[in-house]
């Protein structure tokens, strides 16, 4: 008796290989509420993964820099015996303090992560409008809510792209000397990660993610809007390419 080999679940396999058939199976269930929930869920996952990648990236920096000490008042407040002859508290603190570069980078990252989450949702809305309008111009008959869920499903490749990009970023950062303390040298070290082999890898991940997204959207548009393959592919490719060009 032949040994049974575990196979990839049919739903996942269908989504990966035949997104058109995947959406056809769910034709009557597609709606804006499910699409919104899926988009927000993907945005959360992408933000968390990106945050983890940035955390691992930040710890690769081993240098230190001198920063103004926030615990010390300005020199004007501390000169000539303070204000009105009263010594201001904190004037005995040092004017600068030594800060690890890794903590500075992680601090900046935590400030931008909420904005990235919001930006992801905005991109979803923009793509949704673009796909819907494009499909209607091509004679599509689908509803807006259906297009919203299709757009959200097409964002799933972003999770894989962020994981791959984050792993590549940490890998190349670990292979680069990031011990400088001078801001100019630090900037030069970071720029090196955008060139050569590392730059090519990041571009390949970006293009591959966009191609996968276009494949998913094209399949969904054909099912929901019942437009031609050529029109669906053209609309999906344009929608997937714009974020890459904007980046």
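The values are calculated or read from the model by the stated rules, or taken from the named source; none is laboratory data. None of the values given here were measured: they were computed from a predicted structure. Cβ placement follows ideal geometry from the backbone for every residue including glycine, while neighbour counts extend to all protein chains displayed.
Candidates 245, 235, 227: the one that is farther than 19 Å from residue 15 by Cα, in a helix (DSSP H, G or I) and in contact (Cβ under 8 Å) with a residue 60 or more places away in the chain is 235. Among the residues of the range 126-154, those identified as at pLDDT below 95 and surrounded by 20 or more Cβ atoms within 10 Å (Cβ to Cβ) are 140, 142.
If you go through the range 234-247 and pick out every residue that is surrounded by 15 or more Cβ atoms within 10 Å (Cβ to Cβ) and in contact with a helix residue (DSSP H, G or I) (Cβ under 7 Å, 6 or more places away or on another chain), you end up with 7. Each residue in the range 160-198 was checked for being surrounded by 13 or more Cβ atoms within 10 Å (Cβ to Cβ), assigned to a helix (DSSP H, G or I) and either within 17 Å of the chain's Cα centre (by Cα) or touching a residue at least 40 places away in the same chain (Cβ under 8 Å) (or both), and 13 of them qualify. Restricting attention to the range 206-233, the residues that are surrounded by fewer than 17 Cβ atoms within 10 Å (Cβ to Cβ), over 19 Å from the mean Cα position of the chain (by Cα) and on the phi < 0 side of the Ramachandran plot add up to 3. Based on this model, can you work out whether residue 203 counts as part of a helix (DSSP H, G or I), touching a residue at least 60 places away in the same chain (Cβ under 8 Å) and more than 12 Å from the chain's Cα centre (by Cα)? No: the conditions fail for residue 203.
Scanning the range 35-65 for residues that are more than 25 Å from residue 208 (Cβ to Cβ) and either at pLDDT 95 or above or touching a strand residue (DSSP E or B) at 6+ places or on another chain (Cβ under 7 Å) (or both) gives 36, 37, 64, 65.
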